[in-house]
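Only one structure is covered here, and it is reproduced in the block below.
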Amino acid sequence: MLKMRKIRKAVITAAGFGSRFLPVVKTIPKEMLPVIDKPILQYVVEECINAGIEEIIIVVRKGNDVIRNYFTQEVPGVRQLLEEQGKLERYKPIEEVLGFKNIKIIEQQPELPYGNGSPVISAKAYLEGEAAFAVLFADDLFVTKEKSCIAQLIEFYEQHDEAMAVCGAEKVPYEELNRYGIIKPTAQHEDYGEFELLIEKPDADKAPSDLAIYGRFVVPFKIFEYLTAQATGKDNEVWLQDANDQLSKHGRYFYKIIDGKWWTTGDPSRFYQAFTMFMLNDPRFAGDAKAMLKKLNLGE
């Protein structure tokens, strides 16, 4: 019988500037842009809750109170008005958010370089004593039938003692290979494998596979041997991908193809695609969304 390895904590990185979405992100964090009636970040938090994570650490930019207020601030005036109107059921989603009691919101250390690895470094003190932990980028959303994306990765990690780390991966079209980090696999099975190298945004004709990684990982605490403020890479930023590349040289790093569909919200076009697909997958709005799309006359 395999020895189970428990993942108790998750780090959600929500400290970027989201400059592709200016000017709206001047006052609203990109992670708080709505997908239907929830901000992007709430979907990621719910993904962790689905996985049974005991402590969710959200790393935000210094001075960013919007995210903290969203998860902690009550709105009694709204509740009172809805109660008076006989529409108190509309307040239930707010109560659900306020019921997320296992969230810790911290600020990214301001002295750290920019980069998607810096929020993880900022959470290091809260991860002491953990053999491994989950990392989620708030850019990425998933449509899954039952278990969330990170739940599937955690299940894989906890059931495979030989895995030092595991990341999510998805096959992408040839014309999009230069947009993502692409895995060079060393062993491949039906829906998982191992890799020895991660190439960031390669030319399509030089890509080692069609497997792109996205912002879902289970990594050991050992990653902090390579993920440091001094370990800057492209554009003088700290990249989690660089640390993952180093990890893969010192242990068995697996990838797992998730049962579901990945949607990135990293730029307005892909945000629109994600929004549309969530509408089409939500039984409350799918009918109207499909009818609207059928009526569009897009021309050439």
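For I213, indicate whether it is free of Cβ contacts under 8 Å to residues at least 40 places away in the same chain and hydrophobic (A, V, I, L, M, F, W, C). Working first, answer last.
On the way: free of Cβ contacts under 8 Å to residues at least 40 places away in the same chain: no; hydrophobic (A, V, I, L, M, F, W, C): yes.
No; evaluated as a whole, the condition is false for this residue.
Looking only at the range 23-40, filter to residues that are of a type in the set (A, V, I, L, M, F, W, C) and at pLDDT below 95; which one of those is surrounded by the most Cβ atoms within 10 Å (Cβ to Cβ)?
So, considering only residues that are of a type in the set (A, V, I, L, M, F, W, C) and at pLDDT below 95, the one surrounded by the most Cβ atoms within 10 Å (Cβ to Cβ) is V25.
Please verify whether I12 is within 20 Å of the chain's Cα centre (by Cα), without any contact (Cβ under 8 Å) to a residue 60 or more places away in the chain, within 30 Å of D242 (Cβ to Cβ) and part of a strand (DSSP E or B), treating the condition exactly as stated.
no
Of K6, K101, which residue is free of Cβ contacts under 8 Å to residues at least 40 places away in the same chain, part of a loop (DSSP other than H, G, I, E, B), of a type outside the set (S, T, Y) and within 30 Å of E146 (Cβ to Cβ)?
K101 is the lone residue from the list that is free of Cβ contacts under 8 Å to residues at least 40 places away in the same chain, part of a loop (DSSP other than H, G, I, E, B), of a type outside the set (S, T, Y) and within 30 Å of E146 (Cβ to Cβ).
Considering only residues that are at pLDDT 95 or above, over 11 Å from D139 (Cα atoms) and not charged (D, E, K, R), which ones fall in the range 4-20?
The answer is I7, A10, V11.
Select from the range 51-65 the residues that are among the aliphatic types (A, V, I, L, M) and surrounded by fewer than 15 Cβ atoms within 10 Å (Cβ to Cβ) and list them in ascending order. Please lay out each step first, then the result.
Step one: list which residues in the range 51-65 are among the aliphatic types (A, V, I, L, M), which gives 51, 53, 56-60.
Of everything in the range 51-65, nothing turns out to be among the aliphatic types (A, V, I, L, M) and surrounded by fewer than 15 Cβ atoms within 10 Å (Cβ to Cβ).
From E170, E196, E190, E146, which residue is within 21 Å of the chain's Cα centre (by Cα), closer than 19 Å to F254 by Cβ and not small (G, A, S)?
On the way: E196 fails: within 21 Å of the chain's Cα centre (by Cα); E190 fails: within 21 Å of the chain's Cα centre (by Cα); E146 fails: closer than 19 Å to F254 by Cβ.
Result of the check over E170, E196, E190, E146: E170.
Restricting to the range 278-289, name every residue that is surrounded by 12 or more Cβ atoms within 10 Å (Cβ to Cβ) and out of contact with any strand residue (DSSP E or B) (no Cβ under 6 Å at 6 or more places or on another chain).
Those that are surrounded by 12 or more Cβ atoms within 10 Å (Cβ to Cβ) and out of contact with any strand residue (DSSP E or B) (no Cβ under 6 Å at 6 or more places or on another chain): M279, L280, D282, F285, A286, A289.
What are the pairs, 6+ residues apart or on separate chains, where a residue within the range 156-167 that is among the acidic types (D, E) has its Cβ under 7 Å from a residue that is at pLDDT below 95?
These pairs meet every condition: E158/M4; E158/R5; E158/K6; D161/L2; D161/K3; E162/R252.
Hey, does the range 79-98 have a residue that's touching a residue at least 24 places away in the same chain (Cβ under 8 Å) and part of a loop (DSSP other than H, G, I, E, B)?
no
Could you identify the single residue in G266, G260, G299, G287 that is at pLDDT 95 or above and either out of contact with any Leu (no Cβ under 7 Å at 6 or more places or on another chain) or of a type in the set (D, E, K, R) (or both)?
Selected residue: G287, the only one of G266, G260, G299, G287 that is at pLDDT 95 or above and either out of contact with any Leu (no Cβ under 7 Å at 6 or more places or on another chain) or of a type in the set (D, E, K, R) (or both).
May I ask you to list the residues in the range 261-300 that are closer than 18 Å to P173 by Cβ and touching a residue at least 60 places away in the same chain (Cβ under 8 Å)?
K261, W262, W263, T264, G266, D267, A274, M277
Is it the case that the range 149-169 has a residue that's surrounded by 17 or more Cβ atoms within 10 Å (Cβ to Cβ), modelled with pLDDT of 95 or more, closer than 20 Å to P29 by Cα and of a type in the set (F, W, Y)?
no
For the range 63-78, enumerate the residues that are more than 17 Å from A138 (Cβ to Cβ) and either in a loop (DSSP other than H, G, I, E, B) or touching a helix residue (DSSP H, G or I) at 6+ places or on another chain (Cβ under 8 Å) (or both).
G63, T72, Q73, E74, V75, V78 - these are the residues of the range 63-78 that are more than 17 Å from A138 (Cβ to Cβ) and either in a loop (DSSP other than H, G, I, E, B) or touching a helix residue (DSSP H, G or I) at 6+ places or on another chain (Cβ under 8 Å) (or both).
The values are calculated or read from the model by the stated rules, or taken from the named source; none is laboratory data. The model shown is predicted, which means the values in this text are computed figures rather than measured ones. A quick note on method: Cβ atoms are made from the backbone with ideal geometry, for glycine too, and the neighbour counts reach across all protein chains shown.
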